[in-house]
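These notes are about the structure you will find just below.
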Amino acid sequence: MITFENVNKYYGDFQVLKDCSTHVNAKEVVVVCGPSGSGKSTLIKCVNGLEPFQSGKITVNNVSLGDKNTDQNKLRARIGMVFQNFELFPHLSVVQNICLAQEKVLNRSPSESVERAHALLERVGLLNQAEKFPSQLSGGQQQRVAIARGLAMDPVVMLFDEPTSALDPEMINEVLDVMVQLANDGMTMMVVTHEMGFAKRVADRVIFMDEGHIVEDEKTDVFFSNPGSDRAKDFLSKILNH
Amino acid sequence: MNYNWNWSILVTEPYLGWLIAGLGWTIAVSILAWILAFSLGSLLGIMRTTSVPLLRGIGTVYVEIFRNIPLLVQFFLWYFVFPEVVPHDWGMWLKREMPMPEFTTAIIALGLYTASRVCEQVRSGIESIGVGQVSAARALGLTEWQAMRYILVPVAYRRIIPPLTSEFLTIFKNSSLALTIGVIELTAVTRQIEEYTFQGFEAFTAATVIYSLITFMVMGIMRYIEKRSRVHGMLGSGG
Amino acid sequence: MGDFDFAVIIDNMPFLLKGMQTTLLLTALAMVGGIVLGTLLALARISSVKPLSFVAASYINFFRSLPLILVIFWFYFLVPLVLGRPVGGFYSVLVAFTLFEAAYYAEIIRAGITSVRAGQFQAARALGLSYGQSMRFVVLPQAFRAMIPVLLTQGIILFQDTSLVYVVGLKDFLVSAELIANRDQRLIEMFTFVAIVYLIISYSASQGVRMLQRRMQR
């Protein structure tokens, strides 16, 4: 579904992605982890074209991102993204947040969009908040709405950029539960996170990044029991101790 | 478009002489008004941030009055109305014997108006420093006045260099209003040239170029001052 | 001082009101035009198309370095010349004010747009919305909401600046009052009246904006 081939990315003179090659298969759930600054957020932001890259190749569903002929907007409509800071549109209600792109990008009728929105809100357990505004919701609720917003576009893959890092601890589980359900329903997912419990529960593979390199890239049980590199072992020992 | 171009008028007498004189008047009015505005404005700004209600009140009333009347109307009030409402003898002196009445009035009007704006810049500069600094100063035993003088004012003034520079440039632009009471400054001169020679394009371009150059130079000087006075580690200091 | 004569004000009220009408009309039209043009300039200024950004920045810096009186003279002189025929003073002046104010509005709007977090724009793009759609439905609505107090305050400044049409004799409120002042030798009454009227209108308007700002914070 997603392929990375020798991807390099620079911010000015600083190289943030170094020769990254990996893939995500359909229906697979891949967790990307690593210390801060390792490039993991940048990696997934390259997948939907929010960040450009200087060399290498990235394809989604066989469409190449670097290709001049690629319609970036249409491509983004098929890739869902959930941000660390939720980024719900504060001037729109919950249901309007979910309908905006459906109407403007997919050209769905308003009634169709609202119906879809309600169905998704039901799925994430927030149907009764449909008419509220983001500022009236808790962080966990906002993030669940953000997931529903992404799903409304019927994406082929969902990207998550540290979806629970900005949440108070008691709200992390309500979001993770939605994500687990999504994985069990067969969605292809690429998730940047520190939540190793989530990784163990639903991830098929784990990618570990450090300083722009992909250091580990293997099945979940292998990663947790016997990763190849010292860097990964060091990382695991530190974060699994609490 | 029917127009006869003649750029040479800009360098022929008497027009060239007029331009130079006009520029001179513009600079003179601006700088003298700025001196008045900066001193009075600083005083008012500090007054507005003290804890003495009377001082704060005076500052507020001053600002609201001078900010809500158009500058042009203020010019007219000073030039036409003020000499009539003061005691008779003063009025006569103002109208008959004061040297360069238009010039002086322009400086007063422009200076007092701009003082209200400088006051607000100074006030927001001081207020932006945050109560923590003042608490720390008071905790050491400094009086309010000492805290103001040694802690708040030095830091505040560095912060407001950009808006103050902007005010300084605004004074240059507003000095053009002096033409309405008879000061033959730069803009007035170019209008005069236009009326005499019908070469409006050339005349106005001269003024445009000169004002643009003034802006450019002042901005350059400001950047230099800002760099030299950076407080290391402060937000916005880049250091 | 002696005889402050209110009658001169009352007797000439219709004429003065007509002048005020011109002032308010000029303010309203220049404000709308200035905001529209200013928005375009702001978008051009922040766009990644270098020549567009450069042209917008030059326009903004140019008009902000000139005195308004000079701009009024320019257009009063230029508009009839370009059109090839005499034009009423009002239209020349309106063009001057609109183009001048646009430069100031552009900076306000630019600050408003950049104050909307980049994440909002990214989230909109991530959903597949185009640049234009993201601006129109997500960024600009939020930006304008934040900017309304500042835009209105600039409008109050514009209201006061319209008094400068004095230099070309357009019959606004100030000029109307001045004509009466000179005709009837009543400078004190008329200028004081003008000052008080401007003071009341500007002060009330700015208090209104402050109240609006407080309500919007909630």
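Observations, loosely collected:
- Residues of the range B:182-195 that are in contact with a Phe, Trp or Tyr (Cβ under 8 Å, 6 or more places away or on another chain), more than 10 Å from chain C (Cβ to nearest Cβ) and part of a helix (DSSP H, G or I): B:VAL189, B:GLN192, B:ILE193.
Each row is one residue, and each column tells you yes or no for (1) surrounded by fewer than 17 Cβ atoms within 10 Å (Cβ to Cβ); (2) under 21 Å from B:THR215 (Cα atoms).
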{"residue": "B:ALA139", "(1), (2)": "yes, no"}
{"residue": "B:ALA156", "(1), (2)": "no, no"}
{"residue": "B:LEU164", "(1), (2)": "no, yes"}
{"residue": "B:PHE172", "(1), (2)": "no, yes"}
{"residue": "B:LEU177", "(1), (2)": "no, yes"}
{"residue": "B:THR187", "(1), (2)": "no, yes"}
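- Residue within the range B:90-109 that is under 20 Å from the mean Cα position of the chain (by Cα), hydroxyl-bearing (Ser, Thr, Tyr) and open to solvent by 30 Å² or more (accessible area, probe 1.4 Å) present: yes
- Options A:VAL63, A:VAL82, A:VAL94, A:VAL105; residue that is away from chain C (no Cβ under 13 Å) and buried (at least 17 other Cβ atoms within 10 Å of the Cβ): A:VAL94
- Matching residues, the range B:60-76, being facing chain C (nearest Cβ under 7 Å), closer than 17 Å to B:ILE107 by Cβ and either surrounded by fewer than 20 Cβ atoms within 10 Å (Cβ to Cβ) or within 16 Å of the chain's Cα centre (by Cα) (or both): B:LEU72
- Residue pairs whose Cβ atoms lie under 7 Å apart, separated by 6 or more positions or on different chains, with the first residue in the range C:129-151 and more than 12 Å from C:ALA111 (Cα to Cα) and the second buried (at least 20 other Cβ atoms within 10 Å of the Cβ) and of a type in the set (Asp, Glu), do not occur.
- Scanning the range B:74-100 for residues that are in a loop (DSSP other than H, G, I, E, B) and within 23 Å of B:ASN174 (Cα to Cα) yields B:PRO99, B:MET100.
- The number of residues in the range A:66-77 being within 14 Å of chain C (Cβ to nearest Cβ) and of a type outside the set (Lys, Arg) comes to 6.
- So A:LYS57, is it more than 14 Å from every other protein chain (Cβ to nearest Cβ), outside any loop (DSSP other than H, G, I, E, B) and either under 25 Å from A:SER21 (Cβ atoms) or touching a strand residue (DSSP E or B) at 6+ places or on another chain (Cβ under 9 Å) (or both): yes
- Hits in the range A:17-54 (condition: open to solvent by 50 Å² or more (accessible area, probe 1.4 Å) and either more than 14 Å from chain C (Cβ to nearest Cβ) or outside any loop (DSSP other than H, G, I, E, B) (or both)): A:LYS18, A:ASP19, A:SER21, A:HIS23, A:ASN25, A:ALA26, A:LYS27, A:SER36, A:GLY37, A:GLN54
- Scanning the range B:206-217 for residues that are β-branched (Val, Ile, Thr) and at the interface with another protein chain (Cβ under 9 Å from one of its Cβ atoms) turns up B:THR208, B:ILE214, B:THR215.
- Of all the numbered requirements in (1) aliphatic (A, V, I, L, M); (2) open to solvent by less than 30 Å² (accessible area, probe 1.4 Å); (3) within 29 Å of C:PRO67 (Cβ to Cβ), B:MET219 misses one, and that requirement is (2).
- Members of the range C:185-199 found to be open to solvent by less than 80 Å² (accessible area, probe 1.4 Å), over 19 Å from the mean Cα position of the chain (by Cα) and facing another protein chain (nearest Cβ under 9 Å), listed by number: C:LEU187, C:ILE188, C:PHE191, C:THR192, C:VAL194, C:ALA195
- Only one of the listed residues (A:GLY140, A:GLY125) is away from every other protein chain (no Cβ under 13 Å), part of a loop (DSSP other than H, G, I, E, B) and open to solvent by less than 60 Å² (accessible area, probe 1.4 Å). That residue is A:GLY125.
- Residue match in the range B:2-21 (condition: open to solvent by 60 Å² or more (accessible area, probe 1.4 Å), in contact (Cβ under 8 Å) with a residue 40 or more places away in the chain and within 28 Å of B:GLY182 (Cα to Cα)): yes
- Residue in the range B:13-30 that is more than 14 Å from every other protein chain (Cβ to nearest Cβ) and either touching a strand residue (DSSP E or B) at 6+ places or on another chain (Cβ under 6 Å) or not in a helix (DSSP H, G or I) (or both) present: yes
- Number of the exception - C:SER202 against (1) more than 14 Å from chain A (Cβ to nearest Cβ); (2) within 23 Å of C:ALA102 (Cα to Cα); (3) open to solvent by 10 Å² or more (accessible area, probe 1.4 Å): (3)
- Of the residues A:ASN69, A:ASN6, the single one that is in a strand (DSSP E or B) and open to solvent by 60 Å² or more (accessible area, probe 1.4 Å) is A:ASN6.
- Members of the range C:101-118 that are of a type outside the set (A, V, I, L, M, F, W, C), within 14 Å of chain A (Cβ to nearest Cβ) and open to solvent by 10 Å² or more (accessible area, probe 1.4 Å): C:SER115, C:ARG117
- Exactly one residue out of C:LEU29, C:LEU24, C:LEU41, C:LEU66 is buried (at least 21 other Cβ atoms within 10 Å of the Cβ), within 18 Å of the chain's Cα centre (by Cα) and assigned to a helix (DSSP H, G or I), and it is C:LEU41.
- Candidates are the residues of the range B:193-207 that are β-branched (Val, Ile, Thr) and open to solvent by 10 Å² or more (accessible area, probe 1.4 Å); the one that is nearest to the chain's Cα centre (by Cα) is B:THR205.
- Odd one out for C:ARG125, checked against (1) touching a residue at least 60 places away in the same chain (Cβ under 8 Å); (2) buried (at least 17 other Cβ atoms within 10 Å of the Cβ); (3) within 14 Å of chain A (Cβ to nearest Cβ); (4) among the basic types (Lys, Arg): (1)
- Residue in the range C:162-169 that is of a type in the set (Val, Ile, Thr) and closer than 26 Å to A:SER93 by Cα present: no
The values are calculated or read from the model by the stated rules, or taken from the named source; none is laboratory data. As the structure is a computational prediction, the values presented were derived from the model and not from experiment. Every residue, glycine among them, receives a Cβ derived from its backbone with ideal geometry; neighbour counts consider all protein chains shown. Areas reflect the complete protein model, heavy atoms only, side chains present, ligands, DNA and RNA absent. Shrake-Rupley method; radii C 1.70, N 1.55, O 1.52, S 1.80 Å.
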